[in-house]
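*Asks:* First the structure, which I've put down as C-alpha coordinates, then a few questions once you've had a look.
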Amino acid sequence: MIYFEGMKLLSPIYNLLSITAVILIIPSFLFGKQSFDVHIYNTYFIIGVGQFLKLNSFILLALWMIYKLCDNVLYSAKLTGIHVIVSVLSIVLVSTSFFWGKFTLWTPGNRYVEPVTPSAVAWMANAQGAILILVIAFAVAQLFLIINIIAGLTKRQ
(Lines give C-alpha, C1' and ligand atoms only; values in the text may rest on other atoms or scores of the structure.)
Protein backbone atom coordinates (compact mmCIF):
# COMPACT_ATOMS: atom_id res chain seq x y z
CA MET A 1 0.00 0.00 0.00
CA ILE A 2 1.07 3.56 -0.62
CA TYR A 3 0.96 5.79 2.43
CA PHE A 4 0.70 9.55 2.05
CA GLU A 5 0.88 11.71 5.19
CA GLY A 6 -0.65 9.10 7.45
CA MET A 7 -3.58 8.13 5.21
CA LYS A 8 -3.85 5.11 3.01
CA LEU A 9 -4.00 6.37 -0.56
CA LEU A 10 -4.60 2.98 -2.18
CA SER A 11 -6.20 1.07 0.66
CA PRO A 12 -9.01 -0.11 -1.58
CA ILE A 13 -7.27 -0.85 -4.88
CA TYR A 14 -10.05 0.80 -6.84
CA ASN A 15 -8.80 4.22 -5.70
CA LEU A 16 -6.16 3.71 -8.38
CA LEU A 17 -8.93 4.38 -10.91
CA SER A 18 -9.57 7.89 -9.59
CA ILE A 19 -5.87 8.71 -9.23
CA THR A 20 -5.20 7.62 -12.80
CA ALA A 21 -8.19 9.63 -14.05
CA VAL A 22 -6.82 12.79 -12.43
CA ILE A 23 -3.37 12.12 -13.87
CA LEU A 24 -4.84 11.55 -17.36
CA ILE A 25 -6.90 14.72 -17.37
CA ILE A 26 -3.86 17.00 -16.92
CA PRO A 27 -2.36 16.32 -20.39
CA SER A 28 -5.81 16.76 -21.95
CA PHE A 29 -5.38 20.50 -21.49
CA LEU A 30 -1.86 20.46 -22.96
CA PHE A 31 -2.85 18.64 -26.16
CA GLY A 32 -6.16 20.41 -26.67
CA LYS A 33 -5.48 21.58 -30.22
CA GLN A 34 -4.08 18.33 -31.57
CA SER A 35 -6.22 15.76 -33.29
CA PHE A 36 -5.97 12.32 -34.83
CA ASP A 37 -7.80 10.59 -37.61
CA VAL A 38 -9.51 7.23 -37.36
CA HIS A 39 -10.32 5.57 -40.66
CA ILE A 40 -13.17 3.06 -40.55
CA TYR A 41 -14.22 1.73 -43.94
CA ASN A 42 -15.03 4.82 -46.03
CA THR A 43 -15.27 7.32 -43.20
CA TYR A 44 -12.66 9.43 -41.45
CA PHE A 45 -13.35 10.42 -37.86
CA ILE A 46 -11.31 13.33 -36.55
CA ILE A 47 -10.98 13.22 -32.78
CA GLY A 48 -9.30 15.78 -30.55
CA VAL A 49 -6.54 14.38 -28.35
CA GLY A 50 -7.78 16.46 -25.42
CA GLN A 51 -11.30 15.11 -25.75
CA PHE A 52 -9.95 11.57 -26.09
CA LEU A 53 -7.99 11.90 -22.85
CA LYS A 54 -10.98 13.46 -21.07
CA LEU A 55 -13.19 10.60 -22.24
CA ASN A 56 -10.73 8.05 -20.88
CA SER A 57 -10.60 9.94 -17.57
CA PHE A 58 -14.40 9.95 -17.45
CA ILE A 59 -14.48 6.18 -18.03
CA LEU A 60 -12.05 5.61 -15.16
CA LEU A 61 -14.02 7.93 -12.87
CA ALA A 62 -17.25 6.13 -13.78
CA LEU A 63 -15.67 2.77 -12.87
CA TRP A 64 -14.43 4.27 -9.59
CA MET A 65 -17.96 5.50 -8.78
CA ILE A 66 -19.38 2.04 -9.49
CA TYR A 67 -16.86 0.55 -7.05
CA LYS A 68 -17.68 3.18 -4.42
CA LEU A 69 -21.40 2.42 -4.76
CA CYS A 70 -20.98 -1.37 -4.78
CA ASP A 71 -18.17 -1.62 -2.23
CA ASN A 72 -20.17 -3.64 0.30
CA VAL A 73 -21.54 -5.99 -2.39
CA LEU A 74 -18.27 -7.05 -4.04
CA TYR A 75 -17.48 -10.76 -3.95
CA SER A 76 -13.70 -10.92 -4.22
CA ALA A 77 -10.77 -8.58 -3.72
CA LYS A 78 -8.80 -10.60 -6.28
CA LEU A 79 -11.41 -9.96 -9.00
CA THR A 80 -11.38 -6.29 -8.07
CA GLY A 81 -7.59 -6.17 -8.30
CA ILE A 82 -7.50 -7.90 -11.68
CA HIS A 83 -10.20 -5.62 -13.06
CA VAL A 84 -8.59 -2.43 -11.78
CA ILE A 85 -5.07 -3.27 -12.94
CA VAL A 86 -6.10 -4.43 -16.43
CA SER A 87 -8.45 -1.45 -16.86
CA VAL A 88 -5.88 1.11 -15.76
CA LEU A 89 -3.06 -0.40 -17.82
CA SER A 90 -5.12 -0.68 -20.98
CA ILE A 91 -6.56 2.86 -20.71
CA VAL A 92 -3.17 4.40 -19.93
CA LEU A 93 -1.45 2.57 -22.78
CA VAL A 94 -4.17 3.48 -25.28
CA SER A 95 -4.21 7.08 -24.05
CA THR A 96 -0.46 7.44 -24.44
CA SER A 97 -0.29 5.60 -27.75
CA PHE A 98 0.29 8.80 -29.69
CA PHE A 99 3.73 9.02 -28.01
CA TRP A 100 4.85 5.55 -29.07
CA GLY A 101 7.92 5.01 -31.19
CA LYS A 102 9.69 6.89 -33.93
CA PHE A 103 6.55 7.53 -35.93
CA THR A 104 3.66 9.16 -34.17
CA LEU A 105 0.49 7.14 -34.28
CA TRP A 106 -1.84 10.11 -34.31
CA THR A 107 -0.72 12.45 -37.05
CA PRO A 108 -1.91 16.01 -36.41
CA GLY A 109 -3.62 17.66 -39.33
CA ASN A 110 -3.16 15.03 -42.03
CA ARG A 111 -4.45 11.58 -42.82
CA TYR A 112 -1.25 9.82 -43.70
CA VAL A 113 1.78 8.71 -41.75
CA GLU A 114 4.87 10.55 -42.85
CA PRO A 115 7.22 9.39 -44.20
CA VAL A 116 5.30 6.70 -46.06
CA THR A 117 7.90 3.96 -46.12
CA PRO A 118 7.48 0.22 -45.75
CA SER A 119 8.85 0.40 -42.19
CA ALA A 120 6.37 3.17 -41.26
CA VAL A 121 3.46 1.18 -42.65
CA ALA A 122 4.61 -1.97 -40.82
CA TRP A 123 5.01 0.00 -37.59
CA MET A 124 1.51 1.45 -37.95
CA ALA A 125 0.06 -2.02 -38.50
CA ASN A 126 1.81 -3.30 -35.36
CA ALA A 127 0.71 -0.29 -33.31
CA GLN A 128 -2.89 -0.61 -34.44
CA GLY A 129 -2.82 -4.32 -33.59
CA ALA A 130 -1.48 -3.50 -30.13
CA ILE A 131 -4.21 -0.92 -29.57
CA LEU A 132 -6.85 -3.43 -30.67
CA ILE A 133 -5.50 -5.97 -28.17
CA LEU A 134 -5.60 -3.34 -25.41
CA VAL A 135 -9.19 -2.39 -26.23
CA ILE A 136 -10.22 -6.06 -26.18
CA ALA A 137 -8.40 -6.54 -22.85
CA PHE A 138 -10.29 -3.55 -21.43
CA ALA A 139 -13.62 -4.95 -22.63
CA VAL A 140 -12.88 -8.39 -21.18
CA ALA A 141 -11.79 -6.81 -17.88
CA GLN A 142 -15.25 -5.28 -17.54
CA LEU A 143 -16.61 -8.81 -17.33
CA PHE A 144 -14.65 -9.23 -14.08
CA LEU A 145 -16.53 -6.27 -12.60
CA ILE A 146 -19.88 -7.69 -13.65
CA ILE A 147 -19.01 -11.16 -12.32
CA ASN A 148 -17.74 -9.63 -9.09
CA ILE A 149 -20.97 -7.71 -8.48
CA ILE A 150 -23.31 -10.54 -9.51
CA ALA A 151 -21.40 -13.11 -7.42
CA GLY A 152 -21.47 -10.74 -4.46
CA LEU A 153 -25.22 -10.22 -4.80
CA THR A 154 -25.96 -13.94 -5.07
CA LYS A 155 -23.67 -14.75 -2.15
CA ARG A 156 -25.56 -12.36 0.12
CA GLN A 157 -28.86 -14.11 -0.48
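*Asks:* Tell me whether the range 121-135 contains one or more residues that are modelled with pLDDT under 85, closer than 22 Å to LYS33 by Cβ and more than 19 Å from the chain's Cα centre (by Cα). Spell out the reasoning first.
*Replies:* As a first pass, look at the range 121-135 and keep what is modelled with pLDDT under 85: 121-131.
Pick out the ones that are also closer than 22 Å to LYS33 by Cβ and you get none.
Checking the range 121-135: not a single residue is modelled with pLDDT under 85, closer than 22 Å to LYS33 by Cβ and more than 19 Å from the chain's Cα centre (by Cα).
*Asks:* Taking interchain pairs and intrachain pairs at least six residues apart, which have beta carbon atoms under 6 angstrom, with the first residue in the range 136-151 and within 13 Å of VAL88 (Cβ to Cβ) and the second modelled with pLDDT of 95 or more and exposed (fewer than 15 other Cβ atoms within 10 Å of the Cβ)?
*Replies:* Within 6 Å, no pair qualifies.
*Asks:* VAL73 - would you say it is at pLDDT 85 or above, out of contact with any strand residue (DSSP E or B) (no Cβ under 6 Å at 6 or more places or on another chain) and surrounded by fewer than 18 Cβ atoms within 10 Å (Cβ to Cβ)?
*Replies:* Considered against the rule, which asks whether it is at pLDDT 85 or above, out of contact with any strand residue (DSSP E or B) (no Cβ under 6 Å at 6 or more places or on another chain) and surrounded by fewer than 18 Cβ atoms within 10 Å (Cβ to Cβ), VAL73 comes out as yes.
*Asks:* If VAL49 meets every condition in (1) in contact with a Phe, Trp or Tyr (Cβ under 6 Å, 6 or more places away or on another chain); (2) farther than 22 Å from VAL135 by Cα; (3) β-branched (Val, Ile, Thr) apart from one, which number is that one?
*Replies:* Only one criterion in (1) in contact with a Phe, Trp or Tyr (Cβ under 6 Å, 6 or more places away or on another chain); (2) farther than 22 Å from VAL135 by Cα; (3) β-branched (Val, Ile, Thr) is unmet by VAL49, namely (2).
*Asks:* Of all residues in the range 89-106 being β-branched (Val, Ile, Thr) and not in a helix (DSSP H, G or I), which is modelled with the lowest pLDDT?
*Replies:* Among residues in the range 89-106 that are β-branched (Val, Ile, Thr) and not in a helix (DSSP H, G or I), the one modelled with the lowest pLDDT is THR104.
*Asks:* Further, regarding this structure: Go through the range 11-44 and give me each residue that's surrounded by fewer than 10 Cβ atoms within 10 Å (Cβ to Cβ) and under 27 Å from VAL86 (Cβ atoms).
*Replies:* Selection gives ILE40 alone.
*Asks:* How many of the residues in the range 28-66 are in contact (Cβ under 8 Å) with a residue 60 or more places away in the chain and assigned to a helix (DSSP H, G or I)?
*Replies:* Residues that pass the stated criteria total 2.
The values are calculated or read from the model by the stated rules, or taken from the named source; none is laboratory data. Small disclaimer: the values here were computed from a predicted structure and weren't measured. Cβ sites come from the backbone with ideal geometry, for glycine too, and all protein chains shown count toward neighbours.
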